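Read the structure below first, then the notes.
The values are calculated or read from the model by the stated rules, or taken from the named source; none is laboratory data. None of these values were measured; they are calculated from a predicted model. Note that we place each Cβ from the backbone using ideal geometry, even for glycine, and neighbour counts take in every protein chain shown. In case anyone asks, the SASA skips ligands and DNA or RNA and just uses the protein heavy atoms, side chains included. Shrake-Rupley method; radii C 1.70, N 1.55, O 1.52, S 1.80 Å.
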Amino acid sequence: MLIPFLDLKAPYLELKEELDNAYHRVMNSGWYLLGKELEAFEAEFASYCEAKYCVGVGNGLEALHLILRAMDIGPGDEVIVPAHTYIATWLAVSYAGATPVPVEPDEKTYNIDPTRIEAAITERTKAILPVHLYGQPADMDSINQIAVRYGLKVIEDAAQAHGACYKGRRVGGLGNAAGFSFYPGKNLGAFGDGGAVVTNDAIVAERVKMLRNYGSSVKYHNEIKGLNSRLDEVQAAWLRVKLAKLDEWNNRRRLIARYYIESLQGFSDLTLPYVPEWAEPVWHLFVICHPHRNILQKKLIEVGVATLIHYPIPPHLQSAYADMGFQPGSFMIAEKLANQILSVPIGPHLSDESLHIVISQLRLILN
């Protein structure tokens, strides 16, 4: 490929000395789990998210799962989820023993449509789990108002939105708790798997701390049935280094997104991202829509531009959820998006030259 979708080596090369020093600091300490590096990262990331608590865990899926467990949401309960999202959002609910109840996305923002949530609420509903998809915050005020009216919890899936703002406030502290992923390709990515729970609720934070460590707060004293889901010291140390660069890297993403939007206006079949006035996205992905998406993707590959589809099969049509009985046509908006969305290269290390090539090739193909 002439232009990769994302360069995962570039962040290491930029921060090589600091990252190497962090690695040696951990290795020389002789302490590799639940130590000072994790404590420092948890404090720094909580502060960054404008929240009180952060608990490092194994990955983003487990972050959401542990939040649900900490809130005693499980068998017999229902959780409202977006119909258009990565399947991990649904899996977290399933792993807790609860049932995911999908709601269609807003056709403009691709996030869960708050106007459709109330119709999906039943007497078994315990929480709403909005996703800040592609790095753009969901409409949290509308969602929180519904939650208050029905006595529901609100859990943010912030796996793609590190640093995004909703009405001037960072995601992560906009609901009862939030789950983050540090998968390598995220805006704040580890060099392996990692995740975190962020919350202002001391009880949730303490329960997640126990749940991530076999249900124990004192060694060999297991108060609840937990699991092993811990963000290790090396990953925490590396994340501390990258956290200091996150705002700078997010700003670079914003510049790239703005240039895409300015340069790709006027093509009748092309739908560009829509940003509400209250949203400040961090552009984890730059997603366009086109009715002939597969042809567009094929032509871009032919000229050396890598793209990805996020996500080609909505969760309700995945074999994993065949038992729920959904058929094609159950969620028409989510299915339409799955057939038309295409993610083009974006990232803090995408060069101006590469950006101009992607745009010029897109314009040539679309003309």
**Prompt:** Can you give the helix-only mean residue ellipticity at 222 nm for the chain, where every DSSP H stretch with n ≥ 4 adds -39500 (n - 2.57) and the sum goes over all residues, rounded to the nearest 500 deg cm²/dmol?
**Reply:** -11500 deg cm²/dmol
**Complete:** From the cross-link list 167/299; 242/299; 52/126; 9/336, the entries with a Cα-Cα span beyond 30 Å are 167/299; 242/299; 9/336
**Radius of gyration and Dmax over the Cα atoms of the chain, both given in Å** = 20.5, 67
**Request:** Take the chain, connect every pair of alpha-carbon atoms lying under 10 Å apart with a spring to form a Gaussian network, then pick out the residue of 284, 292, 65 with the largest mean-square fluctuation.
**Result:** 292
**Request:** Return the percentage of antiparallel bridges among DSSP beta bridges fully within the chain, rounded to the nearest 5 %.
**Result:** 60 percent
**Request:** Determine the shape class of the stretch 145-242: with a ≥ b ≥ c the square roots of the Cα gyration tensor eigenvalues, call it rounded for a/c under 1.5, and otherwise prolate if a/b is greater than b/c, oblate otherwise.
**Result:** oblate
**Message:** Under the rule a/c < 1.5 gives rounded, and otherwise a/b versus b/c splits prolate from oblate, where does the stretch 213-355 land using the Cα gyration tensor?
**Reply:** oblate
**Message:** Please state the shape class of the stretch 1-71: rounded when a/c is under 1.5, otherwise prolate if a/b exceeds b/c and oblate if not, all from the C-alpha gyration tensor.
**Reply:** oblate
**Asked** In bins 10 Å wide, starting from 0, what share of all Cα pairs of the stretch 98-198 does each bin hold, as a percent?
**Response** 16, 47, 30, 7, 0
**Asked** Going through the stretch 273-367, which chymotrypsin sites (Phe, Trp or Tyr not before Pro) have at most 15 other Cβ atoms within 10 Å and a DSSP loop state?
**Response** 274, 278
**Message:** Ignoring ligands, DNA and RNA, please state the percent of accessible area on the chain from carbon and sulfur, probe 1.4 Å.
**Reply:** 51 percent
**Item:** Rel. contact order, % - alpha carbon contacts under 8 angstrom, at least six apart, the chain
**Value:** 22 percent
